[in-house]
Amino acid sequence: MAKKRTSEWLRHGVQALWALLTNSYLVGFAQGKIYKGDLKKLCVPGMNCYSCPGAVGSCPIGSLQAVIGSWNFKFAFHVAGVLVFVGALVGRFVCGWLCPFGLIQDLLHKLPFPKKIKTFRGDKVLRKLKYVILLVFVILLPLFLVDIMGQGAP
């Protein structure tokens, strides 16, 4: 048990440090301006958003989404290459050790909550509603709500 706690603290420390390193443009937070330096051309695995004022690098998924959905840009092979290379080289290491979403989830899990209710009236309807929401918001709206160029707003 002690070894698990030590490795958990180590992983949480690495996640927090990586989040600070990849979102370390403190001037951007103070001025509310996005960093536009040369490091922004580099895709950084983990949690960072292009439009975050503190992000030093760019998000590979966001970069890929931006070039796929636009007629103005050609397909970014370097972005796809980063995703394939990192995925093939280290697998889920990025998700487990670099992305701070896991850190946030682990910390929220430590908060004491009352015991969950297993089922309630309308539970089955709500379980099916998630598929309707997926269909409408992820597939149908982006398919039909487009501008004259055939692009949807991000």
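Residues of segment 8-23 include at least one that is in a loop (DSSP other than H, G, I, E, B) and either at positive phi or open to solvent by less than 70 Å² (accessible area, probe 1.4 Å) (or both). The set of residues from segment 51-66 being of a type in the set (A, V, I, L, M, F, W, C) and either modelled with pLDDT under 70 or in contact with a strand residue (DSSP E or B) (Cβ under 6 Å, 6 or more places away or on another chain) (or both) comprises just one member, ALA66. A single member of ASN72, ASN48 is modelled with pLDDT under 75, in a loop (DSSP other than H, G, I, E, B) and open to solvent by less than 30 Å² (accessible area, probe 1.4 Å), and it is ASN48. Based on what the data block shows, is PRO100 surrounded by 10 or more Cβ atoms within 10 Å (Cβ to Cβ) and at pLDDT below 75? Taking the combined requirement at face value, the residue does not satisfy it. Exactly one residue out of ASP123, ASP106 is more than 13 Å from the chain's Cα centre (by Cα), among the charged types (D, E, K, R), at pLDDT 80 or above and surrounded by 13 or more Cβ atoms within 10 Å (Cβ to Cβ): that is ASP106.
The values are calculated or read from the model by the stated rules, or taken from the named source; none is laboratory data. Quantities reported herein were computed from a predicted structural model and do not represent experimental measurements. In this analysis, Cβ positions are derived from the backbone assuming ideal geometry, glycine residues included, and neighbour counts consider all displayed protein chains. What goes into the accessible areas is simple: the full protein's heavy atoms, side chains included, and nothing from ligands, DNA or RNA. Shrake-Rupley method; radii C 1.70, N 1.55, O 1.52, S 1.80 Å.
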